Amino acid sequence: MALLCAIGCLNLSAFTIAGDMKDASSTSSKQNTIEIKDFAFSPQTITVKSGEKITWTNRDEEPHTVVSVEKQFKKSSALDTDQTFTITAGAPGTYTYFCSVHPKMTGTIVVVKS
């Protein structure tokens with residue numbers, strides 16, 4: 001009886017995992033990701049539609065920040081290795097940003113009408 005319960009539980013777990021995978025792969029929203037690596041934002045320039053999310057991920061061993069030059073979006077806290085920061089693109093326009101810890105690190109977001 002215990003064996004049947006264990007097999008049943010395993011089958012239920014596999015179904016749940018497969019369902020989660022399906023949900024993740026069927027997501028229709030575009031992934032706008034910027035990687036912070038080797039003291040650079042990559043890509044350095046990204047074009048997104050108004051309302052889309054943009055996520056930075058720090059892949060360096062050093063902390064980095066994401067700060068809008070014109071204060072067009074909230075600034076991040078210091079991001080440690082593998083931490084992320086996400087914003088939602090606002091009105092169409094060009095948004096420039098930098099790392100306040102390493103000001104020579106810069107990037108640009110071009111937001112177009114959705």
- Selection from region 47-92 of residues farther than 15 Å from ILE34 by Cβ and not in a loop (DSSP other than H, G, I, E, B) yields LYS49
- Quick one: count up the residues across region 27-46 that are surrounded by fewer than 16 Cβ atoms within 10 Å (Cβ to Cβ) and not in a strand (DSSP E or B). 9
- Just name the residue that is farthest from the chain's Cα centre (by Cα) out of those in region 60-72 that are touching a residue at least 24 places away in the same chain (Cβ under 8 Å) and surrounded by 13 or more Cβ atoms within 10 Å (Cβ to Cβ). GLU62
- Query: With (1) in a strand (DSSP E or B); (2) among the β-branched types (Val, Ile, Thr); (3) touching a residue at least 24 places away in the same chain (Cβ under 8 Å) as the list, and VAL101 as the residue in question, which single condition is left unmet?
  - Reply: (1)
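Computed from the coordinates by the stated procedures, all read-outs in this text should not be read as laboratory data. Everything numeric here is computed off the predicted structure, so don't read it as measured data. Glycine also receives a Cβ, built like all others from the backbone with ideal geometry; neighbour counts cover every protein chain displayed.
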